[in-house]
Amino acid sequence: MIAGVSPLVSELKARAEAGRPVTIGLAGCGQMGTDIMVQLNRMPGLKLGAVAEMRPPQARAAAALAGFTEERTVYADTPAAIDAAIEKGHIAITSDPAVLAKSGRIDVVIDATGNPNTGTQFALESIASGKHVVMLNVEADITIGRHLHQAAKAAGVVYTGAAGDEPAATLELIGFAQSIGLEVVCAGKGKNNPLKWDAVPADYEAEAKARNMNARMLVEFVDGSKTMVEMVAIANCTGLVPDVPGMHGPAATRDELASVLIPKADGGVLSRKGCVDYSIGKGVAPGVFCIVTTDHPRLQERLIDLKVGKGPYFTLTRPYHLTSLEVPLSAARAVLHGQADMVPLEHPVAECVTLAKRDLAPGEILGRIGEIDYRAWAMTHAEARNANAVPLGLAQGAKVVKAVKAGERLTYDNCVPDESLLVTQIRRRLDQADSRFHAL
């Protein structure tokens, strides 16, 4: 076996040898959560302590897949019971995320629930208990992530987006470009699944089963919602913005990106520099990209000589993202270094709004993202505010009060979010603060 060349690997191995692994609590045991459980059992210095899952038998099945024997998995309904299980080297399974959040033996939690309100509650409970939070739940992050970040700062813990997802992978490229003095023109991802705006789960059951996925989650990818969510997450960590509502989404190949996602004055489609966007062209997915430039001819010459591109724009790429397989790295960095991989800006620059997938009638209660009612759409925060648009993270459980045609935006005039939800209450306060900020 080769020696660990990464300082992080060396630190984690030292923790493992000292019997002090970073102990992780996981909320959510769907596709991503199951992957994380399997991965954690193969990484030195990291340990799965407990899992919160509404369907405990599913968590036990995932634990078995990860290599934990039945004797090592126990159900626990109190923080003390979770602590006792961890002390015995077991994996605790609970149906209540709040119980997991209060466990004293957990160092850091990962939210893989995908539900904005559940993620909000779990993150705040974990922060209040002094735990670092890794938010794989991007839907919650784009809705009230800045509030969670501020709460974590006040509590002296880390709130971070998750490594491995496209937003964090893109931020790696953006940070690298900025560190060597290159100007960032546009950044984003290749869309992984064929784009079909009106996709619904019933049409994807067979494909989802073949891919060992939930059909609703697959549709969230196919109908463009996940892409919109992820690009808004990047925007609100960097200040890059969607150039137009919904972004351009050109069919640009990897080699064409640097001639398409650039300003119109130079032959591209953008009205400005500093944007987020995506491509449906071949050779980009499953990777991420960052289009850069420099105004110095010597540096342009070197980039051309190094086969980065033809200039004056160049594409930096990361041809892969490993999703849940990388997520534990964010947990390790939070605990060992107090480092976040992704944090939202204090004031957002972009918003994920909600478009009706079908005609909606007054009185209807909206379902979950990826189902039959709505899909996501990226806009600048100012455009969304002026349109009185309902954020995607508040759509689930909202009540339609005026008829909405397919393709139209859900607004606070035709749709009322569920005010009983914590995420709705926090977002309302954030919006009120934003109104005061923009009025100054």
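The values are calculated or read from the model by the stated rules, or taken from the named source; none is laboratory data. These numbers were taken from a predicted model, which means no experiment stands behind them. Cβ coordinates were reconstructed from backbone atoms using ideal geometry, including for glycine residues, and neighbour counts include every protein chain displayed. These area figures cover heavy atoms from the full protein model, side chains too; ligands, DNA and RNA do not enter into them. Shrake-Rupley method; radii C 1.70, N 1.55, O 1.52, S 1.80 Å.
Tabulated values for the structure
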quantity	calculated
Which of VAL232, MET247, LEU218, positive extreme of dipole for region 215-259 (C-beta unit charges)	LEU218
Probe 1.4 Å, all protein chains present, accessible-area order of ASP83, ASP223, largest first	ASP83, ASP223
Residue among ALA169, ALA233, ALA177 with the largest mean-square fluctuation in a Gaussian network model of the chain, springs linking Cα atoms under 10 Å	ALA177
Cα-centre dipole for region 174-318 with unit charges at Cβ (Lys and Arg positive, Asp and Glu negative), debye to 20	280 debye
Formal net charge of residues neighbouring ASN41 (Cβ-Cβ distance under 12 Å; K, R +1; D, E -1)	+2
Check: the chain dipole with +1 on Lys, Arg Cβ and -1 on Asp, Glu Cβ, in debye	380 debye
Loop sites in region 62-113: trypsin sites (Lys or Arg not before Pro), DSSP, at most 15 other Cβ within 10 Å	LYS88
Three-way shape label, the chain, alpha-carbon gyration tensor, a/c 1.5	oblate
Surface accessible to a 1.4 Å probe, THR78 within the full protein complex, Å²	60 Å²
Dipole magnitude of region 256-356 about its Cα centre (Cβ charges: Lys, Arg +1; Asp, Glu -1), debye to nearest 20	280 debye
Neighbourhood charge, 14 Å Cβ-Cβ cut-off, centred on ARG333 and excluding it, Lys, Arg +1 and Asp, Glu -1	-4
When region 46-111 is reduced to its Cα atoms, the Kirkwood hydrodynamic radius in Å	11.4 Å
Whole-number percent relative contact order across the chain, with pairs defined as alpha carbons under 8 Å at least 6 apart	15 percent
Solvent exposure of the chain as accessible area per residue, Å², 1.4 Å probe	42 Å²
